[in-house]
Structures are given as structure tokens and as C-alpha cells.
Amino acid sequence: MSGMEKRRIDDCEPGPVPSPRPVDRFGFVKQEHGSPYEGVIKSRSAIQFEREERRVRKWRKMIGVGGSDWKHYVRRKPHVVKRRIRKGIPDCLRGLVWQLISGSRDLLLMNPGVYEQLLIYETSTSELDIIRDISRTFPSHVFFQQRHGPGQRSLYNVLKAYSVYDRDVGYVQGMGFLAGLLLLYMSEEDAFWLMVALLKGAVHAPMEGLYQVGLPLVQQYLFQFDHLVKEHLPKLGEHFTKEMINPSMYASQWFITVFSYSFPFHLALRIWDVFLFEGVKIVFKVGLALLTYCHDDLIKLPFEKLIHALRNFPEDAMDPDKLLPVAYSIKVSKRLEELKSLYEKQNKKVVQSAETNGGGYNA
């Protein structure tokens with residue numbers, strides 16, 4: 001066996017990472033004690049296991065070797081692909097499928113050697129900021145825990161390369177959660193191109209506005225979400241107005257990290273499956289579904305308790321099999337378009353009046 005082949009096998013099957021504390025199936029340190037795999041093994045009956053195997057086989061057929069059949073399949077049966085993605089991509093294929101649905105695999109193939117170039121030959125003004133934030137990204141995951149360990153090094157590399165690639169955006173704190181999530185499922189170079197695909201808009205609208213100065217896209221999303229809450233949940237919307245709660249107090253992180261910050265990992269993954277295929281509207285839908293699910297409790301709470309509840313949803317509300325069907329049933333596409341136009345119109349007025357009133361100050 002050649003060294004190259006051996007390395008490839010080693011890359012695919014990393015040995016177990018010794019961890020002083022038990023971890024769950026995704027590599028996060030568990031809170032409770034007991035063997036990390038007991039619960040998983042018990043809950044995975046033979047029937048479930050067989051069902052999972054069948055799903056993986058279906059997916060493999062759909063993808064083809066290394067993704068060769070994917071585009072053809074999506075063109076022929078988009079509804080099947082959408083349905084299967086909404087049920088959740090099998091974890092063992094997630095990294096590859098994410099690259100295929102986001103358009104990042106194509107970017108990688110069109111730009112050979114670019115990532116290495118950015119990493120080795122360029123310097124970034126954000127390097128110190130990135131180093132400062134790295135240990136705050138998924139601190140309870142074994143891959144990122146070790147100071148200067150391989151996880152933290154990869155995270156630094158991807159964020160540094162992006163800050164050089166797109167100097168307008170550079171580096172902003174929330175980006176670490178995107179990069180960290182991707183690195184759990186793919187190589188550095190693949191994670192980098194997936195970030196490029198998202199921020200520059202390879203398939204969906206560009207997301208770089210989430211991280212530009214003044215977070216312009218966050219402002220737009222919060223404006224849209226505020227209207228949607230009032231329209232879909234008028235009683236709760238009224239209660240929020242009375243208690244002076246607006247979405248910037250609880251929903252900014254949802255958009256900036258696409259639920260990868262402070263949400264249960266198994267739920268975040270399911271949301272990301274859909275987000276990469278269908279775009280940002282799933283973030284609005286999940287947000288509305290969470291508020292719908294907790295509606296009767298939230299409507300009784302005063303300001304302080306509301307803020308706490310909106311940042312700490314109960315465990316049963318976070319169950320993907322309960323929450324996501326509710327989210328999928330909420331229709332927002334058409335309304336999001338209308339609200340975007342309204343936001344742009346209002347913003348233009350604000351900008352114009354600012355220019356009229358203070359026009360003499362521009363150098």
C-alpha cells in the first residue's frame with residue numbers, strides 16, 4: 001500500500017480522541033455522567049438501524065460517486081431532494097452533500113491552490129481578533145477544546161484565509177461559529193469555500209451583509225421578522241410591543257450564526273441541511289415556529305422573564321421532529337420579498353433625509 005493510500009484511509013477514519021469526560025455522538029462533552037454511547041446504543045433498535053441503512057443507500061444512489069450524479073438528480077426530481085433534505089441528511093454524508101447543495105464544491109474546483117495561497121502568502125489585519133475569539137467557539141466540543149490543538153488551528157486558518165479573501169468583511173465574531181460547524185464535517189479548504197459560497201451568494205442571496213460594518217443584512221432580517229411575528233402571532237406581537245421587546249433583543253444570533261450558537265447541535269444540523277438548500281427563509285420559519293410552540297407561556301411573562309425565555313427555550317421546543325414540521329408549514333417567501341421592498345423604501349427615505357439635513361459635512 002502506498003503512503004498516499006494509507007494516508008487517505010487514516011484521514012477518513014480518525015482514531016478515537018481520548019477525552020477525560022464522556023462525549024455525545026457529535027463530540028460535545030456530555031453534562032450528565034454515564035457512558036456516552038449507552039443511550040445511543042439502547043435507543044437504536046435493529047429496526048431503526050435498518051431504516052437508517054436504507055436511507056443512506058438511497059442517498060448514495062442519489063449522489064453518485066463523489067457527487068457525480070447529484071446535479072442530474074436535482075434537475076430531474078427536485079421535489080424528492082427537497083423532501084429528503086427536510087427529513088435530515090444522513091450524518092455520514094452530510095459534509096459532502098452540504099458542499100454539493102451550497103455550490104461550494106464547484107468553487108473549489110474552479111479555484112485550485114487559492115486557499116493555500118491565501119493562507120501562506122498573505123497577512124490579515126484580523127489575526128489577533130481571530131486568535132482572541134477562537135477558544136470561545138464551541139468550547140464544549142472535543143475538537144476545539146485543546147489550546148492550539150488541530151481544531152483551533154484549522155479554525156484560525158479558515159477565518160484568516162477568509163479575512164484576506166474578502167477584505168471588506170474581514171473577520172467578525174459570529175463567523176467563527178459558521179466555520180466551526182463546517183470544520184466538523186469537512187476539510188479546511190472545503191469549509192473555506194463553503195463560507196465563500198454563503199457570503200458571496202453562490203446559490204442564494206449573498207450573506208456578507210450579516211458581517212459588514214453596521215450589520216446591514218441583520219437590520220433587514222430583524223425588520224422582516226418583526227413584521228412576520230406581528231402578522232402570524234398578533235397576540236404575542238402585541239404583548240412584545242407592550243413589554244417593549246423587539247427581535248434585536250433575542251433573534252440577532254439566529255441570523256448571524258444560523259442557529260449554530262447556543263442551540264442544541266442536533267437541531268442546528270437539521271436547520272443547516274435545509275438552510276443550505278432552500279436559503280435563509282428557514283431561519284424565519286424556525287423562529288416563528290419556536291414562538292408558536294411557546295406562545296401560551298410567553299404571552300404571560302413580563303419583560304425580564306421574557307428576555308430569559310426567548311434566549312432559553314425549553315428542551316421539548318428544541319426537538320427537531322416536533323419543531324421542524326411546524327416550521328415547514330409556515331409560508332413566508334412572498335411576504336419576505338414584500339417586506340424587503342418596504343425596508344429598502346423606508347431606508348432610502350432615511351438616507352435621503354439625512355443627506356438633505358446634513359449635506360454639508362461630507363468631505
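The values are calculated or read from the model by the stated rules, or taken from the named source; none is laboratory data. Just so we're clear, the structure is a prediction, and the values are computed from it rather than from any experiment. Virtual Cβ from ideal backbone geometry, glycine too; neighbours counted across all protein chains shown. Ligands, DNA and RNA are excluded from the accessible area calculation, which covers all protein heavy atoms including side chains. Shrake-Rupley method; radii C 1.70, N 1.55, O 1.52, S 1.80 Å.
Summary of values
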item	result
Rounded to whole Hz, the Karplus (6.51, -1.76, 1.60) HN-Hα couplings of segment 200-216, x for glycine and proline	8, x, 5, 10, 10, 4, x, 10, 4, x, 5, 10, 6, 3, x, 6, x
Label zone at K200 (point 7 Å along Cα-to-Cβ), backbone N below 12 Å, segment 101-138	104-112, 114-115
Per-residue ³J(HN,Hα) for segment 88-95, Karplus 6.51 cos²θ - 1.76 cosθ + 1.60, θ = phi - 60°, Hz, x for Gly and Pro	x, 7, x, 4, 6, 10, 4, x
The chain - mean residue ellipticity at 222 nm from DSSP helices (-39,500 (n - 2.57) per run, n ≥ 4, rounded to 500)	-19000 deg cm²/dmol
Among H308, H141, H239: highest mean-square fluctuation, GNM of the chain, C-alpha pairs under 10 Å	H308
Most mobile listed residue (I47, I89, I101) in the chain, GNM with C-alpha springs under 10 Å	I47
GNM flexibility winner over the chain from P314, P112, P325 (Cα, springs under 10 Å)	P112
Cβ-based charge dipole, segment 125-219, positive-most Cα from F143, S154, Q173	F143
Per-residue SASA entry for E50, accessible area with 1.4 Å probe, Å² rounded to 10	80 Å²
K87, K285, K58, ranked by accessible area, largest first (probe 1.4 Å)	K87, K58, K285
Area of R105 that stays accessible when all protein chains are in place (1.4 Å probe, Å², to 10)	60 Å²
Cα-only Debye scattering, segment 120-261: base-10 log of I(q)/I(0) at q = 0.10, 0.13 Å⁻¹	-0.39, -0.62
Which labelled figure in [x] 1.22; [y] 0.97; [z] 0.95 is Rg/Rh (Cα atoms, Kirkwood Rh), once derived from the coordinates	[y]
Spatial extent of segment 211-301: Rg and Dmax, with the Cα atoms as the point set, Å	13.3, 37
From the C-alpha gyration tensor of segment 230-361, square roots of 5λ in Å	29, 20, 14
Cβ-based charge dipole, the chain, positive-most Cα from Q212, S341, P78	P78
Isotropic mean projected area of the C-alpha convex hull, segment 61-207 (nm²)	9.4 nm²
Two-decimal Rg/Rh across segment 67-123, once Rg and the Kirkwood Rh are taken from alpha-carbon atoms	1.12
Net dipole in debye of the chain [+1 Lys, Arg Cβ; -1 Asp, Glu Cβ; about Cα centre; nearest 20]	1320 debye
Apportionment of accessible area to carbon and sulfur, the chain, percent (1.4 Å)	55 percent
Reference-scaled alpha-carbon Rg (2.2 N^0.38 Å with N residues) for segment 138-221	1.09
